[in-house]
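Here's the structure, in structure tokens; my notes come after.
The values are calculated or read from the model by the stated rules, or taken from the named source; none is laboratory data. On a predicted model such as this, the values are computed, not experimentally measured, just so you know. FYI the Cβ positions are ideal-geometry reconstructions off the backbone, even for glycines, and counts take in every protein chain you see. Just so you know, the surface numbers come from the protein's heavy atoms only, side chains and all, with ligands and any DNA or RNA stripped out. Shrake-Rupley method; radii C 1.70, N 1.55, O 1.52, S 1.80 Å.
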Amino acid sequence: PPNFYLLILPFSLLPFYWSYATFVGGSFLAYFAVVRRAFAHPAGRMLLLAFPGVFVNALQGQFAFLTAALIGGALVLLPRAPAAAGVLFGLSSMKPQLALLVPLALACGGQWRALLWAGLSATLSMALGVKVLGVDSLMAMLAELPLFPDWLSHTREVLLKVPSFFSFALLLGLPRPAAYALHFALAGIVAVALGWIWRRRPGRTDLRAAARSEEHTSELQSHH
């Protein structure tokens with residue numbers, strides 16, 4: 001998305017190694033700050049820092065530290081600063097596959113203020129990206145979206161890096177229609193479970209956060 005490229009555009013002005021060190025180091029510090037805020041016990045922090053996906057993400061210069069920091073920070077802020085949490089949720093739309101269930105969770109949890117700010121944040125960041133980079137960047141993204149599943153299904157190395165029901169089914173040897181059916185059936189169950197937790201467990205912020213953060217564990221694990 002244009003707001004993704006807008007964020008990484010300044011790093012392209014630096015030499016490669018400085019760009020890598022600045023982006024990975026800065027996004028890791030954001031991730032570490034959220035981990036420290038979310039987990040009071042040192043053991044919990046060490047487990048998240050020792051997670052293998054952390055090292056793979058750092059080695060390959062991927063985006064997961066930042067998305068984990070955005071979503072994790074939003075979940076930490078949500079009980080007492082819903083507007084700020086909504087802004088962070090909205091910024092996570094730069095990786096849209098990670099933000100798909102955010103509106104569902106916030107709506108089921110009655111977090112209408114956070115939902116409003118998330119919508120505003122996502123819209124404004126996208127508009128700014130289109131303004132700076134041009135509408136062609138948005139049109140190119142929309143044109144490429146239908147091509148991704150075909151490329152994914154013929155690239156085993158990428159399938160192994162994308163922990164989804166769709167890629168799992170393809171690795172089992174199922175045809176693409178069956179893989180799609182399995183993916184959307186199980187994704188529907190996940191969405192219902194997430195909505196139920198956010199609606200029926202208002203006092204369990206830890207359970208809500210765990211349900212919402214499962215996608216970002218996969219993001220770190222996939223380093224994609």
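General observations
- Projected label distance in nm at Leu128 and Leu147, using a 7 Å step from Cα toward the beta-carbon: 2.9 nm
- Between Pro103, Pro15, Pro149, the GNM of the chain built on Cα springs shorter than 10 angstrom shows Pro15 fluctuating the most.
- Taking each DSSP H run with n ≥ 4 as -39500 (n - 2.57) and averaging over every residue of the chain yields -24000 deg cm²/dmol at 222 nm.
- Only one residue of Leu7, Pro42, Ala74 has its Cα farthest out toward the positive end of the dipole of the stretch 1-149, where Lys and Arg carry +1 and Asp and Glu -1 on Cβ, and that residue is Pro42.
- Among Ala30, Ala185, Ala122, the residue with the largest mean-square fluctuation in a Gaussian network model of the chain, with springs joining Cα atoms closer than 10 Å, is Ala185.
- Taking all protein chains together and rolling a 1.4 Å probe, Glu157 ends up with roughly 120 Å² accessible.
- Membrane-span-like helices in the chain, defined purely by DSSP H runs whose alpha carbon atoms cover 15 Å or more axially and whose average Kyte-Doolittle hydropathy reaches 0.0, are 16-38, 64-77, 112-133, 176-200.
- Ratio of the Cα radius of gyration of the stretch 46-121 to 2.2 N^0.38 Å, where N counts its residues: 1.17
- Counting only the Cα atoms, the chain fills a convex hull of 132 Å³ per residue.
- Paired Rg and Dmax values of the stretch 75-161, which use every Cα atom, in angstrom: 15.9, 46
- The dipole here belongs to the chain: it is taken about the Cα centre, uses +1 on the Cβ of Lys and Arg and -1 on the Cβ of Asp and Glu, and is about 820 debye.
- Between Ala178 and Arg36, the contour length at 0.36 nm per residue exceeds the alpha carbon distance by 46.9 nm.
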